[in-house]
Ligand SMILES: *Cc1c(COP(=O)(O)O)cnc(C)c1O
């Protein structure tokens with residue numbers, strides 16, 4: 001459930017009319033709902049309330065905006081980071097270093113040092129050499145790094161190839177059959193406290209069966225390691241739960257997921273860690289846009305909006321679907337294509353889609369844009385970097401400014417050898 005709804009014929013974000021935001025901030029603009037974020041955080045936490053010990057770290061890459069992170073920090077969430085930039089954001093938003101999990105397949109030695117320096121709570125190790133480097137660096141700093149080994153359980157999450165991460169050909173995790181020996185070698189190193197395992201098999205998952213199979217495999221490995229005398233006090237179950245991008249296509253709820261986790265992990269006697277991203281932020285944001293033209297097409301009309309692939313990359317990158325809804329719907333429907341102004345045919349949000357009839361100047365939203373939306377935005381075609389707004393009841397605030405071309409140009413230089 002979210003707080004973007006039509007009331008008395010026009011769309012609101014909580015108690016703020018969308019048209020009001022467009023008037024004050026301009027378009028395109030991302031609009032987040034604080035109440036929706038909080039609701040999603042609580043629903044997720046409540047779904048896991050039967051588990052004896054949990055830790056939830058929001059996957060910051062899904063939405064790294066400081067205000068969004070602040071809302072989640074106040075809900076008690078830690079952060080799952082994949083870069084030092086994300087670590088800085090998590091700390092700036094009030095997340096505790098001890099509640100930060102450092103994931104990612106390409107952490108540099110410098111990243112490891114910076115994270116140790118800040119007191120990051122857990123490192124998810126992706127390969128043996130990384131663990132060896134982490135141990136050396138921690139030792140040289142007089143510290144011990146708490147770590148888990150990320151395993152690749154070799155299951156197909158049944159999701160889009162570009163967001164699948166748990167098959168043996170993916171770059172993530174160590175092969176599960178090599179994990180026991182590797183864990184033993186890493187556990188013997190000074191400077192490193194190996195405490196468990198991690199996995200994450202993909203994103204936008206609609207089918208719980210592959211996640212369950214992966215969890216069963218990792219649980220068996222955890223029990224095997226404990227049987228061999230290692231301390232195993234945590235298993236990081238990753239993120240990946242899907243969200244409904246398209247009306248009528250409903251993923252398993254956090255409650256159903258929570259029931260599965262409780263059943264599968266019974267008796268593990270560990271702290272279970274979770275890294276949700278999309279399921280928390282996805283439906284807490286929309287991309288508000290204005291129709292520039294409705295261009296008659298040869299087959300279908302093209303609705304040309306002022307948002308483009310540089311603002312919301314998911315359709316161009318993953319063929320993703322985002323529902324498109326008018327802010328002042330007339331009740332009339334048309335079948336049309338929706339595209340942005342960028343000079344790429346890939347800058348198309350939808351083809352042959354039945355949508356609210358819109359005309360030049362009308363406002364509309366792309367729904368479910370709160371995750372992997374603004375964070376993937378670029379300035380391609382020298383467009384401004386899209387701003388972000390957060391609504392709280394009948395108030396709203398700009399939480400990321402529009403970065404205009406003047407500012408981008410100011411960060412560039414013509415070198416001396418070209419100045420004559
Ligand atoms: C991307 C990612 C997540 C979050 O995935 P969602 O599908 O957004 O829940 C969690 N953990 C890791 C390691 C990731 O790479």
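Name the residues in segment 243-254 that are out of contact with any helix residue (DSSP H, G or I) (no Cβ under 6 Å at 6 or more places or on another chain) and in contact (Cβ under 8 Å) with a residue 60 or more places away in the chain, would you?
Matches in segment 243-254: 244, 245, 246, 247, 253.
Looking for something in a helix (DSSP H, G or I) and either farther than 24 Å from residue 278 by Cα or assigned by TED's automatic domain parsing to the domain that holds residue 105 (or both) - is there at least one such residue anywhere in segment 190-208?
yes
Which one of these is closer than 29 Å to residue 371 by Cα, touching a residue at least 12 places away in the same chain (Cβ under 8 Å) and away from the ligand (no atom under 16 Å from the Cβ): 169, 212?
212
With within 16 Å of the ligand (Cβ to nearest atom), touching a residue at least 12 places away in the same chain (Cβ under 8 Å) and surrounded by 16 or more Cβ atoms within 10 Å (Cβ to Cβ) as the only criterion, which of 375, 289 stands out?
375
Among the candidates 257, 318, which residue alone is modelled with pLDDT under 95 and within 16 Å of the ligand (Cβ to nearest atom)? Walk me through how you get there before you give the answer.
Details: 257 fails: modelled with pLDDT under 95.
Testing whether each residue is modelled with pLDDT under 95 and within 16 Å of the ligand (Cβ to nearest atom) leaves just 318.
Check segment 14-30 and report whether any residue there is surrounded by fewer than 21 Cβ atoms within 10 Å (Cβ to Cβ) and within 16 Å of the ligand (Cβ to nearest atom).
No, segment 14-30 contains no residue that is surrounded by fewer than 21 Cβ atoms within 10 Å (Cβ to Cβ) and within 16 Å of the ligand (Cβ to nearest atom).
Can you list the strands (runs of 3 or more DSSP E) found entirely within segment 53-152 that contain at least 2 residues being farther than 19 Å from residue 193 by Cα and touching a helix residue (DSSP H, G or I) at 6+ places or on another chain (Cβ under 7 Å)?
Ranges flagged: 54-59, 78-81.
Out of all the residues in segment 316-328, is one or more within 25 Å of residue 5 (Cα to Cα) and loosely packed, with under 15 Cβ neighbours inside 10 Å?
Start the filter on segment 316-328 by keeping residues that are within 25 Å of residue 5 (Cα to Cα), which leaves 320-328.
Subsequent filtering for residues that are loosely packed, with under 15 Cβ neighbours inside 10 Å retains none.
No; the residues of segment 316-328 include none that is within 25 Å of residue 5 (Cα to Cα) and loosely packed, with under 15 Cβ neighbours inside 10 Å.
The values are calculated or read from the model by the stated rules, or taken from the named source; none is laboratory data. Quick caveat, the model's predicted, so the values are computed rather than measured. In this analysis, Cβ positions are derived from the backbone assuming ideal geometry, glycine residues included, and neighbour counts consider all displayed protein chains.
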